[in-house]
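K.L.:
Before we start, here is the structure in question, set down as structure tokens.
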Amino acid sequence: MSPDGGSRSAADGGSPSTADGGSLSTVAAAPGGRPARLSLEQLVAGVSSGDRGILSRSITLAESRLAPDQDLAQQLLVALSDRTGGAIRLGLTGVPGAGKSTTIEALGLWLLERGHRVAVLVIDPSSARSGGSILGDKTRMPRLSVAENAYIRPSPSAGVLGGVAWRTREAMLLCEAAGFDVVIVESVGIGQSESELAEIVDTLCLLLVPAGGDELQGIKRGVVELADLIAVNKADGELLLAAKRAAGDYRHALRMLPESTPGWTTPVLTYSARKGTGLPELWETVLAHRDLLESSGQLQQRRARQQRRWLERLLEETVLRRLRARPGFEEALAGAWQSVREGHLTVPQAVGTILEAAGEDPQAETPRPAA
Ligand code: GDP
């Protein structure tokens, strides 16, 4: 563990962007002000020993758009693969104000007291690395962000290759390799990020609040279907009864939905992040879900399915990016779009025109009549 790791865990996460063109595989400034580049061996040793400074830089490498950084990050992930996969991977989502940060702070500290090492990764597709998220995480989780055995990493910026959630998956693997046995991934974005969250964690927990009225608070049905656990926060004080009532309503509503995990009925719990009541039960439920995944063989299946989707998405993104980089592509796109707007081309015709301009056979995947 790096001696300076504790209070810098969140700040380290905000390592410099690649905007200046500098390689991010470099760490501490060498004499003369030139940053020294860490070798693969040094990175492997640093992450394996739980050095948070090196962990942060490794995650930054994985997020980098520069090819040499990416190569090194991928080699690092391969080298560390034996050390990954062991953590409880818990996803936490909920509308702003549901109490996500209060919950992570309370649950995280509770887990630290029980000897766990807790990493918190944030997914926010709207975030920019230069934004306020670093300070934000420190104020959102003030005690956890300076705790000895915790590590908080802000969201990668929206421009990272392969999507924010998928890069967060790599950060999760690196945290596992660094000895964190609980990885909490929080999605603060609204919309697509919740389903992306389900693509990287084993257990997805949806936080709700005891607001009356709207069934499931306007949260998309798809997200509710993905939830392995629903936790109604703020079950304290005058909200206690409302929380219990809301939990009953949600339980009822859930009966109409398919199971998130075969053989598992999504539990609806009430708890108070502020008072800490119900947190042990929440954690017990996370462990019960994990046990079921493990004993039924679904854990490996789920993770394999996630990786397969990542492979396909990254492939799609890479192919499209390469196509777009071909000479004439952007002009053809602009011209075809203009024609669509003026009613001269249909959208499928426009796609054909653009592909042709980029040197592709626009008919390539259309089945041809047998000769
Ligand atoms: P986030 O936006 O989901 O991260 O929500 P926060 O954790 O920032 O919480 C939003 C508000 O709800 C804050 O004012 C919290 O103090 C409050 N809050 C969070 N947890 C609880 C709780 O268990 N009980 C009560 N009464 N309020 C809470």
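Bear in mind these aren't lab numbers, they're just calculated from the coordinates by the rules spelled out. Being a predicted model, the structure only gives us computed values, none of them experimental. Neighbour counts run over all protein chains shown; Cβ positions are idealised from the backbone, glycine included.
K.L.:
Report Rg/Rh for the stretch 83-296, rounded to two decimals, where Rg is the Cα radius of gyration and Rh the Kirkwood radius.
P.N.:
Dividing the radius of gyration by the Kirkwood radius yields 0.94.
K.L.:
Let me know the Kirkwood hydrodynamic radius for the stretch 225-356, please, with Cα pairs as the basis and the value in Å to one decimal.
P.N.:
So the Kirkwood estimate lands at 19.4 Å.
K.L.:
On to the next question. Can you tell me the FRET efficiency between A45 and K275 if r is taken as the Cβ-Cβ distance and R0 is 41 Å, rounded to the nearest 0.05?
P.N.:
Here the calculated transfer efficiency is 0.45.
K.L.:
Arrange R302, R167 by Cβ neighbour counts within 10 Å, fewest through most, would you?
P.N.:
R302, R167
K.L.:
Also, quick follow-up: Given a Förster distance of 51 angstrom, what is the FRET efficiency for R324 paired with T139, based on the Cβ-Cβ distance and rounded to 0.05?
P.N.:
0.85
K.L.:
Extension gain A288-W110, at 0.36 nm per residue separation less the Cα-Cα distance, in nm?
P.N.:
62.3 nm
K.L.:
Taking 0.36 nm per intervening residue step and subtracting the Cα-Cα distance, what contour gain separates E238 from Q307 on full extension?
P.N.:
20.4 nm
K.L.:
Running Debye on the stretch 303-357 with equal point scatterers at the Cα sites and no solvent, what base-10 log of I(q)/I(0) appears at q = 0.18, 0.25 Å⁻¹?
P.N.:
For the stretch 303-357, the Cα-only Debye profile gives -0.65, -0.89.
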